[in-house]
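I have placed the structure first, in the form of structure tokens, so that the comments after it can refer back to it.
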Amino acid sequence: MKKPRLLFILYLQRFLTALRFMTVIPVGWRAEDDSEHFHSCHLFFSLIGVLVGAIGWLLTQVFLLFFPQQVVVVIALIYLAFISGCLHLDGLSDSADGLLCARPREKALEIMKDSRVGAMGVVVVFFVLLAKYAALCSVDAKSLALAIFFMPVIGRLSILITMATQKYGRPEGGLGSHFYAENSSTIALTSSIIVCLLLGLLSPKHLPFLIVFLVMALFLFNKWCKARLGGATGDTLGAICEIGEAVTAISFSASLTFL
């Protein structure tokens, strides 16, 4: 009896480590031990995405009873940004400043570590949010809640796929490197299959569009990061989460055009 209980506590700690890192949900139990579980908590990244998405789905359904769809979309985007403490938007902004500067790799990595936001970062964040807003406003009300549900799920899955396919780009390491582990490929593959089954069950018509658009986005962005930075960083992992969310919204919108 003792061993299953200890195993349960171990996995609960890993889940809570992922929850504290990827959201602002205040759970303080054993937070002091988080550093011991960084390398293994990515097992729960997709589950955190499902939790965030489920709350977003519920909020969307409730607010649609009182407000027009455009207002609900704004509320949903605010929720998705702030539930993670704007962590991924910050990564998107820093990545834009580094990737779009005309500087050598070392200087680009240095720029990305700077806490100040540059013009490129502001512009890219604006256009990514605009893309999400436009895409979500174009879907029908019945599909909106599902799109909000899957956006954080696909965003966190995009992080796992990137970790499985890209080495860490900073030679000195960084916060993002703590989440890399030998089983990253297995977790990414398993999570991908589960998410595809979930999407196929809840909204099969969107599945082919999402697979095509997401594969293209991940391939192009990660190839760019590899050529420019030598691999992924904590900032680009945050950026790919935002890109994954935007691609999800666009995929739901595109399906209306072709179906």
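Each value in this text was obtained by applying a stated rule to the coordinates, not by laboratory testing. From a predicted model like this one, the values you see are computed outputs, not experimental measurements. Glycine gets a Cβ as well: all are built from the backbone with ideal geometry, and neighbour counts include every protein chain shown.
Miscellaneous remarks
- Near Ile243, once Lys and Arg are set to +1 and Asp and Glu to -1 for all other residues with Cβ below 15 Å from its Cβ, the sum equals -2.
- Cα pair distances in the stretch 147-209, grouped into 10 Å bins until the bin that holds the longest one, percent each: 20, 45, 25, 10, 1
- With a Cα cut-off of under 30 Å and a minimum spacing of 8 residues unless on different chains, the lysine pairs in the chain number 16.
- The local environment of Gln166, defined by Cβ-Cβ distances under 14 Å, has a net charge of +4 under the rule Lys, Arg +1 and Asp, Glu -1.
- Choice from Leu99, Leu201, Leu229 with maximal GNM fluctuation in the chain (Cα, 10 Å cutoff): Leu201
- Mean separation of Cα contacts under 8 Å, 6 or more apart, over the residue count of the stretch 46-253: relative contact order %: 34 percent
- Neighbour-count order for Asp97, Asp33, Asp235, fewest beta carbons within 10 angstrom listed first: Asp33, Asp97, Asp235
- Under the membrane-span-like helix rule (DSSP H runs whose alpha carbons stretch at least 15 Å along the helix axis, mean Kyte-Doolittle hydropathy 0.0 or higher), the chain yields 2-22, 45-63, 69-82, 87-99, 119-138, 141-165, 184-202, 207-229, 234-258.
- Overall shape of the stretch 216-259 was characterised from the C-alpha gyration tensor. The equivalent ellipsoid obtained from it has semi-axes of 26, 11, 4 Å, in decreasing order.
- For the stretch 144-159 versus the stretch 203-240, the gap between their alpha-carbon centres in whole angstrom: 14 Å
- The convex hull around the C-alpha trace of the stretch 46-253, projected and averaged over every direction, spans 10.8 square nanometres.
- Packing order of peptides 149-159, 244-254, highest average first: 149-159, 244-254 (average count of other Cβ atoms within 10 Å over each peptide's residues).
- Helical contribution to [θ] at 222 nm, DSSP H n ≥ 4, -39,500 (n - 2.57), averaged over the chain, rounded to 500: -25000 deg cm²/dmol
- Distances between every pair of Cα atoms in the stretch 5-107, grouped in 10 Å steps from 0 to the bin holding the largest one, split as 13, 32, 28, 20, 6, 0 percent.
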